[in-house]
Amino acid sequence: MSNPVDMKFLIVDDFSTMRRIVRGLLKEIGYNNAEEAEDGAVALNMLKNGKFDFVVSDINMPNMNGFELLKAIKADDALKHLPVLMVTAEARKEDIVLAAQSGAAGYIVKPFTKATLEEKVQKIMQKITAAA
Amino acid sequence: MTVDLPDNMSMPAASPEIFQQLGVLTRQLHDTLNMLGVLPGLKHTVDDLPDARSRLNYIATKTADAAEKVLNLVDTAKAEQEHIAAETRKLAELITADPVKAVASGAVYNFVQDVEATTHRVDGHLTDIMMAQDFHDLTGQVVAKVVTLANDLETQLLKLLVQAAPPEQAHKVEAALTAHPTFDPENPTLEGPVVSHDGRTDVVANQSEVDDLLASLGF
């Protein structure tokens, strides 16, 4: 695995403002390599055609929502190793449980803080490092 | 349908017949609307209106909070900037007067320390300003819900209008109805931001509840 700071993130959210916020926070945490997608369908296409290491995804999006993207990633042998961190306004317990059961690496509810994102990303990074 | 009304509507004590006639008319209207299948849909839409009010209140609160937060942070950051500008001018005077003394007295070192600490704080304020922009995403999702409701209400009212319009006007109304198809949400099962946690046990209120829930399930 490449050095964690060189890891390539894909930020998936239909709101450009939120994509910029997540990108800015990842940069502050120390991850400068990130690309953006406006929905699950665009994201899945990018994931299949580019080498990414980490996905940060919203749930409520047009075309293909975050749950569908998560399931598509986990059903694809070439992508299923990718950690997917959900960052969403969906706060229903059943959605959180569904995300976990579908293979999400973490779940953050909006609005969130820099500290929360940092904690979840680092926790997932530690798991990846331990498994490598 | 036409109804003959009494000439003097302001009569203090209306006759029992008028109340009876009003009651019959109301019942007829209710039954007719039900029979036409309009009322159940309309009632469902009208029931959603308090939710729309709650959502609009959420938008108002969110945007007001974000604006206030950003303005406060800008005030604080500006004060920090002014402090650094003033300290820079002071140091410039000291160096101009006696460069060796400026260094030896520790003024230069203290200034460098001060700049480092202040810029670190300003960077934190800029991050907070960036985070405050999350209102765009959260309120945007809620706006979409209210737009859906407005579209539903419009469709229901147009249907009602079609049923109630005179035959010679009905085709015009029907054309208008066709021109306004019912909005089909991308994914009706997703709820978006929780605008009020009052009485809700099916949702989490914050991140620590998410973490507790996942931990309780072994994730």
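Key figures for this structure:
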| item | result |
| --- | --- |
| Filtered residue count, the stretch B:192-219, keeping only those that are modelled with pLDDT of 80 or more and either surrounded by 13 or more Cβ atoms within 10 Å (Cβ to Cβ) or in contact with a Gly (Cβ under 6 Å, 6 or more places away or on another chain) (or both) | 13 |
| Hits in the stretch B:130-147 - residues which are at pLDDT below 90, open to solvent by 20 Å² or more (accessible area, probe 1.4 Å) and of a type in the set (A, V, I, L, M, F, W, C) | B:Val143, B:Ala144, B:Val146, B:Val147 |
| Every pair of residues 6+ apart whose Cβ atoms lie under 7 Å, when the first sits in the stretch A:69-98 and is at positive phi while the second is among the β-branched types (Val, Ile, Thr) | none |
| Residues located in the stretch A:66-92, provided they are buried (at least 18 other Cβ atoms within 10 Å of the Cβ), farther than 27 Å from A:Ala115 by Cβ and either within 12 Å of chain B (Cβ to nearest Cβ) or touching a Gly at 6+ places or on another chain (Cβ under 7 Å) (or both) | A:Glu68 |
| Options A:Val87, A:Val97: the member that is of a type outside the set (Phe, Trp, Tyr) and assigned to a helix (DSSP H, G or I) | A:Val97 |
| Options B:Val162, B:Val112: the member that is at pLDDT below 85, assigned to a helix (DSSP H, G or I) and on the phi < 0 side of the Ramachandran plot | B:Val162 |
| Test: residue in the stretch A:46-64 that is over 25 Å from B:Glu191 (Cβ atoms), within 12 Å of chain B (Cβ to nearest Cβ) and open to solvent by 20 Å² or more (accessible area, probe 1.4 Å) | no |
| Residues (surrounded by 11 or more Cβ atoms within 10 Å (Cβ to Cβ) and not in a helix (DSSP H, G or I)) located in the stretch B:90-109 | B:Asp98, B:Ser105 |
| B:Thr119 vs. criteria part of a helix (DSSP H, G or I), of a type in the set (Val, Ile, Thr) and open to solvent by 60 Å² or more (accessible area, probe 1.4 Å) | yes |
| Filter pass, A:Leu117 being away from chain B (no Cβ under 13 Å) and either closer than 17 Å to A:Leu10 by Cα or within 13 Å of the chain's Cα centre (by Cα) (or both) | no |
| Only listed residue being farther than 25 Å from B:Val210 by Cα and more than 15 Å from the chain's Cα centre (by Cα), chosen from A:Asp76, A:Asp95 | A:Asp76 |
| Boolean, A:Ala34 is open to solvent by less than 40 Å² (accessible area, probe 1.4 Å) and within 16 Å of A:Ile124 (Cβ to Cβ) | yes |
| Any pair with Cβ under 9 angstrom, 6 or more apart, that starts in the stretch A:16-27 at a residue that is at the interface with chain B (Cβ under 9 Å from one of its Cβ atoms) and ends at one that is among the acidic types (Asp, Glu) and surrounded by fewer than 17 Cβ atoms within 10 Å (Cβ to Cβ) | A:Leu25/A:Glu118 |
| Some residue of the stretch B:177-190 being charged (D, E, K, R) and either at pLDDT below 65 or open to solvent by less than 50 Å² (accessible area, probe 1.4 Å) (or both) | yes |
| Test set (1) among the hydroxyl-bearing types (Ser, Thr, Tyr); (2) modelled with pLDDT under 80; (3) surrounded by 15 or more Cβ atoms within 10 Å (Cβ to Cβ) - B:Thr127 fails condition number | (2) |
| Subset of the stretch A:100-112 that is at the interface with another protein chain (Cβ under 9 Å from one of its Cβ atoms) and in contact with a strand residue (DSSP E or B) (Cβ under 6 Å, 6 or more places away or on another chain) - its residue that is nearest to A:Gly40 (Cα to Cα) | A:Ala104 |
| Residue check, A:Leu10 aliphatic (A, V, I, L, M) and more than 24 Å from B:Asp123 (Cα to Cα) | yes |
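The values are calculated or read from the model by the stated rules, or taken from the named source; none is laboratory data. Remember, predicted model here, so these are calculated numbers, not experimental data. Glycine also receives a Cβ, built like all others from the backbone with ideal geometry; neighbour counts cover every protein chain displayed. Only protein heavy atoms, including side chains, enter the accessible area calculation; ligands, DNA and RNA are left aside. Shrake-Rupley method; radii C 1.70, N 1.55, O 1.52, S 1.80 Å.
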